[in-house]
1. Return the residue satisfying two criteria in turn: it lies in the stretch 155-171 and is touching a residue at least 60 places away in the same chain (Cβ under 8 Å) and touching a helix residue (DSSP H, G or I) at 6+ places or on another chain (Cβ under 7 Å), and of such residues it is farthest from ligand 1 (Cβ to nearest atom).
2. Kindly indicate which of Ala117, Ala124 is small (Gly, Ala, Ser) and in contact with a helix residue (DSSP H, G or I) (Cβ under 8 Å, 6 or more places away or on another chain).
3. Being of a type outside the set (S, T, N, Q) and in contact with a strand residue (DSSP E or B) (Cβ under 7 Å, 6 or more places away or on another chain) narrows it down to one of Leu171, Leu158, Leu163, so name that one.
4. Tally the residues that are under 21 Å from Glu214 (Cβ atoms) and not hydroxyl-bearing (Ser, Thr, Tyr), restricting the search to the stretch 98-119.
5. If you go through the stretch 65-111, how many residues are out of contact with any Phe, Trp or Tyr (no Cβ under 9 Å at 6 or more places or on another chain) and within 11 Å of ligand 1 (Cβ to nearest atom)?
6. Which residue is modelled with the lowest pLDDT, if the candidates are limited to the stretch 139-162 and must be in contact with a Phe, Trp or Tyr (Cβ under 9 Å, 6 or more places away or on another chain) and more than 13 Å from Ile129 (Cα to Cα)?
7. From the list Leu226, Leu204, exactly one residue is outside the structural domain of Gln276 (by TED's automatic domain parsing), buried (at least 19 other Cβ atoms within 10 Å of the Cβ) and modelled with pLDDT of 95 or more. Which is it?
8. Check every one of the strands (runs of 3 or more DSSP E) wholly within the stretch 237-295 and list those with 3 or more residues that are buried (at least 19 other Cβ atoms within 10 Å of the Cβ).
Amino acid sequence: MRPVVYTMSRYYVALITPSEGNVVAPLVGARLGVPGWGCQANWCIDMSCIGTAGHVDHGKSTLVKVLTGIDPDRLVEEKERGMTIDLGFAWLKLPSGREVSIVDVPGHESFIKNMLAGVGGIDAALLVIAADEGVMPQTREHLAILDLLRVRRGVVALTKTDLVDEEWLELVREEIEEQLKPTTLAGAAIIPVSAYTGQGLPELLAHLEHILDESQERQNIARPRLPIDRVFTMTGFGTVVTGTLLDGSFTIGQEVEVLPQRLRTRIRSLQTHRHQVEVAQPGSRVAINLTNVSRTDLQRGNVVAIPKQLHPTLLQRGCGSLMWKNSSPVRAPGRSCV
Ligand SMILES: Nc1nc2c(ncn2[C@@H]2O[C@H](COP(=O)(O)OP(=O)(O)OP(=O)(O)O)[C@@H](O)[C@H]2O)c(=O)[nH]1
Ligand SMILES: [Mg+2]
């Protein structure tokens, strides 16, 4: 069961859910009823989602662009400032033909909330560390967040290798291994790459394939949840929301509700990687065109679900870990329950 991170002003709390059936939806606090009631648990061949992580300017977006051919920096302001501000999205086909979504996050500390919104539903992390700078504050912070979220699959892209020599590369590699040791990504492969020369990119792709093959299949308990990470209006279509789909599938024409507002609406159309689909699968990046709701009624953090399956609440019992900003997660012995 994936924990949920609440962001507060100076620290993060990951709530580890106390039983299989209870899920706290980001920013909402929604309680899912007793597990297994009225639905058959089953497992399905999944789509996978990878999230980038790493310090500002370490080359995350450039790497995503060379791997996928899609520029994840889509805002004018991002182009002007030469940095990622909000989440970016891309996808690629791995050598086996498996399609994988990539969520590209900003590295600047001012946009850490956007980073948190992006890594909630990922299967594996692509931690990008520039070889010339090595481990930096947001490398540590992003790593600590991945650790709190129990992201156990990941690979380190040690990028910008065209700027350093072999001796330096070895020193940085040792430093990274040390940083990874106390985290869920301990022992993760470190692959030297350069987005400029193309060095190491085939090895990186092969390794991503390997860790996704090993990862657990996505759960389908017929209780789909889509934490919204983007809302926009498309001329001629209306309101569209996007997110990573968890725990079930959505179908065109299905009635859904948006929480916590409890707005009833219907799915007019569904897209994954810009292709129309009839059914959106758990683990996939999904864009949902919703009927009869306005863009201004919705915001990031709202959750699309099946009517009456999730109940918004402000209280949730659970166990958590506390992480002070720019430090490693601090765990109370046996975890703290609130
Ligand atoms: N020499 C060299 N420069 C690179 C490489 N990859 C990226 N860069 C440069 O590093 C700078 C930052 O790259 P970005 O991809 O924007 O970095 P980022 O990690 O996405 O930055 P934020 O999203 O703002 O955190 C840009 O000027 C890139 O051209 C590389 O492999 N080699
Ligand atoms: Mg970027």
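1. Step one: filter the stretch 155-171 for residues touching a residue at least 60 places away in the same chain (Cβ under 8 Å), giving 157, 159-160.
Filter again for touching a helix residue (DSSP H, G or I) at 6+ places or on another chain (Cβ under 7 Å), leaving 157, 159.
On the way: Ala157: 9, Thr159: 5 Å.
Among residues in the stretch 155-171 that are touching a residue at least 60 places away in the same chain (Cβ under 8 Å) and touching a helix residue (DSSP H, G or I) at 6+ places or on another chain (Cβ under 7 Å), the one farthest from ligand 1 (Cβ to nearest atom) is Ala157.
2. Numbers: Ala117 fails: in contact with a helix residue (DSSP H, G or I) (Cβ under 8 Å, 6 or more places away or on another chain).
Within the list Ala117, Ala124, the selection yields Ala124.
3. On the way: Leu171 fails: in contact with a strand residue (DSSP E or B) (Cβ under 7 Å, 6 or more places away or on another chain); Leu163 fails: in contact with a strand residue (DSSP E or B) (Cβ under 7 Å, 6 or more places away or on another chain).
When all the criteria are applied, what remains is Leu158.
4. 6
5. From the stretch 65-111, those out of contact with any Phe, Trp or Tyr (no Cβ under 9 Å at 6 or more places or on another chain) are 65, 67, 69, 71, 73, 75-82, 87-98, 106-111; that's our starting set.
Narrowing further to those that are within 11 Å of ligand 1 (Cβ to nearest atom): 65, 71, 73, 78-79, 81-82, 87-88, 106-111.
So the count comes out to 15.
6. Only one residue fits best here, namely Leu148.
7. On the way: Leu226 fails: outside the structural domain of Gln276 (by TED's automatic domain parsing).
Matching residue, one of Leu226, Leu204: Leu204.
8. Values: elements: 238-244, 255-259, 263-272, 275-277, 285-290.
Strands (runs of 3 or more DSSP E) meeting the threshold: 238-244, 255-259, 263-272, 285-290.
The values are calculated or read from the model by the stated rules, or taken from the named source; none is laboratory data. Just so it is clear, the model here is predicted, and its values are computed rather than measured. Backbone-built Cβ (ideal geometry, glycine too); neighbour counts: all protein chains shown.
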